[in-house]
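Peer 1: Submitted below is the structure of interest, expressed as structure tokens.
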Amino acid sequence: MALSVLIDDAVYARHPMARINGISVSRLRAAQTALKVPSVESLRARLAEHGVTDMQSLVNDDRVSAWRDAIAKCGLKASRYRSSVEALARRVLNDHPVSTPVPAVNFYCAVSAAHLAPLGGYDIDRLPDQEVILRPARAVDNFAPLGTPDSSMPLTDKIMIYASGDEVLCYAYNHRDSSVTSLTGETDNAIFLGEALTERQAIAIDAAFRELEATLVAAGARVTSHVSVVR
């Protein structure tokens with residue numbers, strides 16, 4: 001499936017510098033067995049290089065605070081609907097990084113935390129449409145969030161989502177992925193996406209994707225296309 005990735009004008013109206021980076025990969029299923037997730041000690045050390053050593057310094061980091069502002073503009077309480085960046089870094093600081101049965105998920109979450117940059121991975125073969133777009137939510141959209149009831153994830157036009165057709169891939173920019181399109185241990189064709197709203201976030205997402213791509217290729221995956229969406 002040849003995918004196109006877009007950003008809706010409503011996102012640019014709030015965040016003129018919004019951008020999306022990404023890569024599509026094949027042969028992920030075999031590569032997952034070779035992925036090694038960094039230790040929590042090494043991830044804490046990498047956060048310390050950013051000046052993040054505790055919760056207060058994390059919240060004060062402008063890569064994180066900009067996501068809090070963006071989520072608040074969605075009409076959500078940012079301390080409850082945390083960006084994936086903040087949530088993953090908090091887990092590292094608490095010595096409980098993400099650990100799932102899916103090595104690719106564990107790895108991209110570690111890279112995300114290390115760079116303070118949001119990353120998401122989606123199974124291309126489970127997407128309902130050849131287009132993925134970051135846009136306002138619609139009442140007709142479908143969303144089956146991972147690990148939480150959908151009743152806690154209202155779909156209003158203030159909330160920005162990644163969508164493929166009427167299926168929500170990720171809620172409130174990067175807050176929560178869908179169980180329908182998320183990576184599994186059997187995923188062979190995947191697209192990894194990450195967005196930035198500020199210049200500093202853009203630097204972080206660039207660095208995160210360089211590390212993600214290099215490691216996936218070294219593990220045996222093949223990058224089939226690159227994504228770069230800017231205004």
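Just so it is clear, none of the values below were taken in a lab; they were calculated from the coordinates. As the structure is a prediction and not an experimental result, all values here were calculated from the model. Please note: Cβ atoms are built from the backbone with ideal geometry, for glycine as well, and neighbour counts cover all protein chains shown.
Peer 1: Considering each residue of the range 31-51, count those that are touching a residue at least 12 places away in the same chain (Cβ under 8 Å) and surrounded by 12 or more Cβ atoms within 10 Å (Cβ to Cβ), and give that number.
Peer 2: 12
Peer 1: In addition: So how many residues does the range 103-152 have that are among the hydrophobic types (A, V, I, L, M, F, W, C), within 19 Å of V85 (Cα to Cα), touching a residue at least 60 places away in the same chain (Cβ under 8 Å) and in a loop (DSSP other than H, G, I, E, B)?
Peer 2: Number satisfying all stated conditions: 3.
Peer 1: Please find, within the range 59-86, the residue that is surrounded by the fewest Cβ atoms within 10 Å (Cβ to Cβ) out of those that are of a type in the set (A, V, I, L, M) and in contact (Cβ under 8 Å) with a residue 40 or more places away in the chain.
Peer 2: Filtering the range 59-86 for residues that are of a type in the set (A, V, I, L, M) and in contact (Cβ under 8 Å) with a residue 40 or more places away in the chain, the one surrounded by the fewest Cβ atoms within 10 Å (Cβ to Cβ) comes out as A66.
Peer 1: Here's something else I'd like to know. If D141 satisfies every condition in (1) surrounded by fewer than 19 Cβ atoms within 10 Å (Cβ to Cβ); (2) within 19 Å of the chain's Cα centre (by Cα) but one, which is the exception?
Peer 2: Among (1) surrounded by fewer than 19 Cβ atoms within 10 Å (Cβ to Cβ); (2) within 19 Å of the chain's Cα centre (by Cα), the lone unmet condition for D141 is (2).
Peer 1: R200 is checked against (1) farther than 27 Å from A30 by Cβ; (2) not in a helix (DSSP H, G or I) and fails just one. What number does that condition carry?
Peer 2: Here R200 clears every test but (2).
Peer 1: Still on this structure: Quick check on this structure: which one of L169, L212, L216 is under 18 Å from V5 (Cα atoms) and either among the aromatic types (F, W, Y) or not in a loop (DSSP other than H, G, I, E, B) (or both)?
Peer 2: L169
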